[in-house]
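A quick write-up on the structure given underneath.
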Amino acid sequence: MLEIRNLSASVDGAAILNGIDLAVPRGEVHAIMGPNGSGKSTLSYVLSGREDYEVTGGTVLFEGRDLLAMEPEARAAAGLFLAFQYPVELPGVGNANFMRTALNAVRRARGEEELDAVQFLKIARAAVKQLAMPDDMLKRNVNVGFSGGEKKRNEMLQMAILKPKLAILDETDSGLDIDALKIVAEGVNAQRGPDFTALVITHYQRLLDHIVPDRVHVLANGRIVRSGGPELAHELEARGYAGFADAA
Amino acid sequence: MPVETETLETVQSLTQSGYKWGFETDIEMDLAPKGLNEGIIRLISERKGEPAWLLEWRLKAFAAWQTMREPHWSKAHYPPIDYQDLHYYAAPKRKPGPKSLDEVDPELLKVYEKLGIPLKERAILAGVEGADGSFPNPVAVDAVFDSVSVATTFRKTLEKAGVIFCPISEAVHEVPELVQKYLGSVVPASDNFFAALNSAVFTDGSFVYIPKGVRCPMELSTYFRINARNTGQFERTLIIADDASHVSYLEGCTAPQRDENQLHAAVVELVALDDAQIKYSTVQNWYPGDAEGRGGIYNFVTKRGACRGKRSKISWTQVETGSAITWKYPSCVLQGDDSVGEFYSVAVTNNRQQADTGTKMIHIGRNTSSTIVSKGISAGHSDNTYRGLVRVLPRASGARNFTQCDSLLIGDQCGAHTVPYIESRNATAKVEHEATTSKIADDQLFYCRQRGLSQEDAVGLLVNGFCKDVLKELPMEFAVEAQKLLAVSLEGSVG
């Protein structure tokens, strides 16, 4: 599904990723853990195509396609979704309108028929219900005036509507209380299945109590320094990152 | 076409007579020679068979205009306009009514098609006999095709309600007392340089009268279109809403691509009597010139509404995306006690466009209130200025104004300017002004693109969000058109 080979990237001339190798097979959920400044967010931005993140080496294949050669919107159309660490406010843009525009853009790019307002609302309302969100979520402007928890839940709502093949969750758990954390986890778990692959980026182990990963990778100084099963997360929780930074 | 034009000009230069039939576009056109003098004004008046008082009025305006100088206080810059190098009269040749669309000039139908006018409506516009039947969409259209109204629709439904909606040239003959009473009563002939020019040479425009207590049964709309080369456009619109009446008027403009600058100096006058309401909506997308700013329309317009009556209300809503230069301040004179003025505006400038637009709210009556919401969007190398005046006169106790001016910048080569003038001469008046300037942030664009939107769709979405407070004031069918227009106007402005 996702094959990252020797990926290096820099921001403003400073090298942040220093040769990442990572393969995520279809249908698996992998967690990437690491201390602050280890390159976790940079990895998510590089994979989703944000400008200002310069790829200095390596390749990324997404379903066999050269991901790095694609525009951000083409990556979205191919099925890549990034749940932002800090979701962006779009003043005056209604949530429903935004999601319908996005869904239809993606459908158009895939050669699928666009949805009209009624068809879309059916899907959106079902997703709102599934995520136990208030109905006015669709009417509000995108993330404007949302609490931290609401913003993260809104990311899960968008994910539920766009149904990506690969979701990258960038510290989706940061700033969440335990109830919100559970809702986010349920959002991810509801998608889990043979056609859903996820890269869960987190600093803490607690999210992984709710989204149990198939594999855990430790990122330090821009490299994957250790990989293991879900038990690795617990080990990290007990011992901290100190030893890994040295290993890198 | 250049050969034809050259020939036409040669013929004109060889003849000393004041008037010549000419062929400008492929549509037969009745074209006066270039230049402005008393003779041309007399010709216009004569061609329209006007009464003596109107000719006198025109000549007075012309005399005033000759003593005036073109104003240059706006931020707009443009080469000097040679007023003697323009045609001041162009009218499509009138033919007896065609029997079916097959008999209608196909060029004219093409124009309607480009304007997106439904087929059946086109038949009515083209004056096909018997086509004036029932319509699914109750929108009355008075098409101003190069200065002269080609046809007027929905006359019957409106007549039943007592509403008069016709070309002003017809109103001069049919309801002369109304025209004489109100023409120039809001915008006097000598009000400003361009209004004086318009008063001297206006060829046509729309006239609306809503009788007492009548709610106009449909939205009224006019399609303006500039089609003749080098023809100054001088429309004159007069709308009168009698006591307790209500009307919504829509104005939309398009223009084909041009090489030379075209002057447009319209005058719109609105009069609202006791308890009357007028809603005037504009979507303006005239040719803005190419990316380097060549060509494009000069839009120097005077629009003013008088809330003469108690509790009357005038609301201006405009979406301005076109023209090389826009110089336009739809205003409200709040004379009647408890009268209300509103101005909702979106002005978009891209490439080398220049817009200097805003409003004037003149509070004269007691407890008058006004609201101004202005959204300026600048992209490319354009300049966008909001210029607004709120004036409270001594008698206007309890006057209130709220002004919100927001500017959105796209890129770093453009300019946004806010120039509010506030003059209050009554201590009980409350005037509020809020202004913001923002940019479309890279993280907003990236967020949208990550969800699958193209860069341009993202800009369109964000701009429409920025303008929402104004767009929601537009009638439904206009709002949809305006949203598309905003996105189209800003194509290629990012990245």
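The values are calculated or read from the model by the stated rules, or taken from the named source; none is laboratory data. Quick caveat: nothing in here was measured; it's all calculated off a predicted structure. For neighbour counting, all protein chains shown are included, and Cβ atoms are generated from backbone atoms with ideal geometry for every residue, glycine included.
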- Taking the stated definitions as given, is B:A265 modelled with pLDDT under 95 and surrounded by fewer than 23 Cβ atoms within 10 Å (Cβ to Cβ)? no
- Task: Look through A:R140, A:R125 and report the one residue that is surrounded by fewer than 22 Cβ atoms within 10 Å (Cβ to Cβ), out of contact with any strand residue (DSSP E or B) (no Cβ under 6 Å at 6 or more places or on another chain), basic (K, R) and touching a residue at least 40 places away in the same chain (Cβ under 8 Å).
- Result: A:R140
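Can we say B:D356 is acidic (D, E), more than 11 Å from the chain's Cα centre (by Cα), in a strand (DSSP E or B) and over 22 Å from B:K484 (Cα atoms)?
yes
Quick grid of which residues meet (1) within 11 Å of chain B (Cβ to nearest Cβ); (2) of a type outside the set (A, V, I, L, M); (3) within 21 Å of the chain's Cα centre (by Cα):
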| residue | (1), (2), (3) |
| --- | --- |
| A:V88 | yes, no, yes |
| A:T101 | yes, yes, yes |
| A:R108 | yes, yes, no |
| A:G111 | no, yes, no |
| A:A132 | no, no, yes |
- Every listed condition ((1) modelled with pLDDT of 90 or more; (2) under 16 Å from the mean Cα position of the chain (by Cα); (3) away from chain B (no Cβ under 14 Å)) holds for A:A220 save (2)
- Does the stretch B:352-365 contain at least one residue that is in contact with a strand residue (DSSP E or B) (Cβ under 8 Å, 6 or more places away or on another chain), among the small types (G, A, S) and within 29 Å of B:V463 (Cβ to Cβ)? yes
- Query: Does at least one position in the stretch A:180-203 carry a residue that is within 14 Å of chain B (Cβ to nearest Cβ), among the β-branched types (V, I, T) and either within 16 Å of the chain's Cα centre (by Cα) or surrounded by 15 or more Cβ atoms within 10 Å (Cβ to Cβ) (or both)?
  - Reply: no
- Message: Being at pLDDT 95 or above and under 17 Å from A:H203 (Cα atoms) is the requirement here; does A:V29 meet it?
- Response: yes
- Query: Which members of the stretch B:359-372 meet the condition of being within 19 Å of the chain's Cα centre (by Cα) and crowded, with 21+ Cβ neighbours inside 10 Å?
  - Reply: B:T359, B:M361, B:I372
- Within the stretch A:42-65, restricting to residues that are more than 13 Å from chain B (Cβ to nearest Cβ) and in a helix (DSSP H, G or I), the one that is surrounded by the fewest Cβ atoms within 10 Å (Cβ to Cβ) is A:T42
- Task: Return the pairs, sorted by first residue and then second, in which the second residue is basic (K, R) and at pLDDT below 95, the first residue lies in the stretch B:166-191 and is more than 17 Å from B:D242 (Cα to Cα), the beta carbons are less than 7 Å apart, and the residues are 6+ apart or on different chains.
- Result: B:I168/B:R236; B:S169/B:K48
- Take the residues of the stretch A:150-163 that are in contact with a Ser or Thr (Cβ under 9 Å, 6 or more places away or on another chain) and surrounded by 24 or more Cβ atoms within 10 Å (Cβ to Cβ): which is farthest from A:E3 (Cα to Cα)? A:K152
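B:A399 - would you say it is hydrophobic (A, V, I, L, M, F, W, C) and at pLDDT 95 or above?
Yes: the conditions hold for B:A399.
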- the stretch B:463-489, subset within 11 Å of another protein chain (Cβ to nearest Cβ) and in contact (Cβ under 8 Å) with a residue 40 or more places away in the chain, residue surrounded by the fewest Cβ atoms within 10 Å (Cβ to Cβ): B:D469
- Item | Single residue of the stretch B:435-456 satisfying the filter (within 7 Å of chain A (Cβ to nearest Cβ) and not in a helix (DSSP H, G or I)) that is nearest to A:A167 (Cα to Cα) | B:R451
- Query: Quick check: is even one residue across the stretch A:13-21 under 19 Å from A:L169 (Cα atoms) and of a type outside the set (A, V, I, L, M)?
  - Reply: yes
- Item | Odd one out for B:K310, checked against (1) assigned to a strand (DSSP E or B); (2) surrounded by fewer than 24 Cβ atoms within 10 Å (Cβ to Cβ) | (1)
- Task: Within the stretch B:375-417, count every residue that is over 15 Å from B:V348 (Cα atoms) and not in a loop (DSSP other than H, G, I, E, B).
- Result: 10
- Message: Against the definition (surrounded by fewer than 16 Cβ atoms within 10 Å (Cβ to Cβ), of a type outside the set (S, T, Y) and in contact (Cβ under 8 Å) with a residue 60 or more places away in the chain), how does A:Q130 come out, yes or no?
- Response: yes
- For the stretch A:156-202, name all the residues that are of a type in the set (V, I, T) and touching a Pro at 6+ places or on another chain (Cβ under 9 Å). A:T197, A:V200
- Message: Take B:A427 and tell me if it is hydrophobic (A, V, I, L, M, F, W, C) and either within 14 Å of chain A (Cβ to nearest Cβ) or in a helix (DSSP H, G or I) (or both).
- Response: no
